[in-house]
1. Which pairs have Cβ atoms under 6 Å, sit 6 or more apart or on different chains, and link a residue in the stretch 105-117 that is at negative phi to one that is outside any helix (DSSP H, G or I) and modelled with pLDDT of 85 or more?
2. Look at ALA30 and say whether it is closer than 23 Å to PHE90 by Cβ and either open to solvent by 80 Å² or more (accessible area, probe 1.4 Å) or not polar (S, T, N, Q) (or both).
3. Which of the residues that make up the stretch 17-37 are within 19 Å of VAL73 (Cα to Cα) and in contact (Cβ under 8 Å) with a residue 60 or more places away in the chain?
4. Give the number of residues within the stretch 1-26 that are at pLDDT 55 or above, part of a helix (DSSP H, G or I) and either within 21 Å of GLU103 (Cβ to Cβ) or among the small types (Gly, Ala, Ser) (or both).
5. Would you kindly identify the helices (runs of 4 or more DSSP H) lying entirely within the stretch 36-152 that contain at least 3 residues that are exposed (fewer than 13 other Cβ atoms within 10 Å of the Cβ)?
6. Write out, first by first residue and then by second, each pair whose Cβ atoms fall under 7 Å of each other, whose residues are 6+ apart or on separate chains, and whose first residue, in the stretch 61-83, is more than 13 Å from MET49 (Cα to Cα) while the second is open to solvent by 60 Å² or more (accessible area, probe 1.4 Å) and assigned to a helix (DSSP H, G or I).
Amino acid sequence: MSFLRIVVGIAVLCNSAISFAIDDTPENRAIQAERVIAATPPDEMMADMAENVSMNLPPSDRAEFRRLMTEFVDLEILTNVMRESMIRNFTADELAALSELYESPIGKSAIGKMGLYMADIMPTVEAEIMRAIGELQKAKAAENRQRPDPVE
């Protein structure tokens, strides 16, 4: 195959890939964001997360935490924020790719494990944040000790 044929073939493939792209308009982003939300329903995600994260709490607090997360958190507010953020931060093609992943068997399997993942990492994340707050407080105290008293 000649060099020219290879270049023409690559150009055709690249042009074809571009023609399959979704026009990146706010309307198309909104359509694709709805696909992502449909593939990963916030109520199911919240229930799964609540169940798995509650396992890090004392047994006496688990039911109340699950109730808080599933009955009192306003899912409409969260869903609207998720939708608006997706539309603002992702292209239509990126959202389409996410929805295709989440709609696939392997994507559904991965999403189904996110609650377990969050439950695994949350104690360490919380402990590290508390440690960091302590370090920040120590640093601020040291800085305040090094400042001269204001002259009155």
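The values are calculated or read from the model by the stated rules, or taken from the named source; none is laboratory data. Everything numeric in this text was worked out from a predicted model, so none of it was measured. All Cβ positions, even for glycine, are placed from backbone atoms using ideal geometry, and neighbour counts span all protein chains on display. Each accessible area value is taken on the protein alone, full model and side chains, heavy atoms only, with ligands, DNA and RNA left out. Shrake-Rupley method; radii C 1.70, N 1.55, O 1.52, S 1.80 Å.
1. Hits for this filter: ILE111/THR40.
2. So ALA30 fits the description; yes.
3. none
4. 1
5. Here the list reads 59-67, 75-89, 105-112, 114-146.
6. Every condition considered, the pairs that remain are LEU75/ASP43.
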